[in-house]
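S.K.: Sharing a structure, written as structure tokens. Questions coming.
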Amino acid sequence: MTRQTPDVIVFDMDGVLVEVGQSYREAIRETVKHFTGADVSHDTIQDFKNAGGWNNDWQLSHRLIGDLGKTVPYQEVVDQFNLIFFGTNGDGLILREKWMPKDGLLEGLSKRATLAIFTGRVKYEADATLGRYASHIKFDPLVTDECVTNPKPAPDGLELIQQKYPGKHIWYLGDTVDDARSAQAARVPFIGVSTPHNSRHEEIARSLRDLGAFAVLSDINELENML
């Protein structure tokens, strides 16, 4: 697997471009509490993320609710999650998101390589954040959940990007074991991101290295120096 300077840099969104500890992760907690009255710890959520196979926060919320003995239709969980995340008048937890790239980072990277995104978000979720923070940045393509038959850790999204750029050197940046496994399956060089604000960042970094990451960054802005 080559690590030549990339022609295409592909980003995951959550945990890489966007800090979501107080948005998506908190939306899981509040959704579970709405249906069960129970408080789920951030560590419990991280345990599922570290195990892999739980890239979809709706599915994880539904699983946690079931583990707590409640049977709730999946679509009701999705609707409640979205109500918490987006709010009723633009006042949801999405406002707690933090855009991670410093000013000028993506602009500079775009002069060196094509930028793309492969995320587990659905398109309207991705568009909401990109429209707020990066409307002037071209990501081509933006691969969201609707674009793939099989979500991460399957390689479908990265394979779509490989098909768009045949023969080009591609790097993928992600923060979860599902991201790393997707890159492995697609034979795409992988860079992990494990930010120190997560109390388990060292454990996560080790897991990403074990799954083939050739580097693990503590901040997306470190990518500039790598290039």
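S.K.: Considering only the stretch 47-85, how many residues are within 18 Å of R96 (Cβ to Cβ) and either in contact (Cβ under 8 Å) with a residue 12 or more places away in the chain or loosely packed, with under 15 Cβ neighbours inside 10 Å (or both)?
M.R.: Total meeting the criteria: 6.
S.K.: Of all residues in the stretch 7-19, how many are assigned to a loop (DSSP other than H, G, I, E, B) and either under 9 Å from the mean Cα position of the chain (by Cα) or at positive phi (or both)?
M.R.: Here the count works out to 5.
S.K.: Also, I was wondering about something else. Which one of the conditions (1) surrounded by 18 or more Cβ atoms within 10 Å (Cβ to Cβ); (2) out of contact with any Phe, Trp or Tyr (no Cβ under 6 Å at 6 or more places or on another chain) does I117 fail to meet, given that it meets all the rest?
M.R.: (2)
S.K.: When only residues in the stretch 37-54 that are assigned to a helix (DSSP H, G or I) and of a type in the set (D, E) count, which is farthest from D210 (Cα to Cα)?
M.R.: Checked the stretch 37-54; the qualifying residue farthest from D210 (Cα to Cα) is D43.
S.K.: Quick one: in the stretch 101-118, of everything that is of a type outside the set (V, I, T) and part of a strand (DSSP E or B), which residue is farthest from V8 (Cα to Cα)?
M.R.: Among residues in the stretch 101-118 that are of a type outside the set (V, I, T) and part of a strand (DSSP E or B), the one farthest from V8 (Cα to Cα) is F118.
S.K.: Which of the residues belonging to the stretch 148-196 are part of a helix (DSSP H, G or I), touching a strand residue (DSSP E or B) at 6+ places or on another chain (Cβ under 8 Å) and among the acidic types (D, E)?
M.R.: D179
The numbers here are math on the coordinates, done by the rules we state, and not lab data. Given the structure is predicted, the values throughout are model-derived calculations rather than measurements. Reconstructed Cβ throughout: ideal geometry from the backbone, glycine too, with neighbour counts over all protein chains shown.
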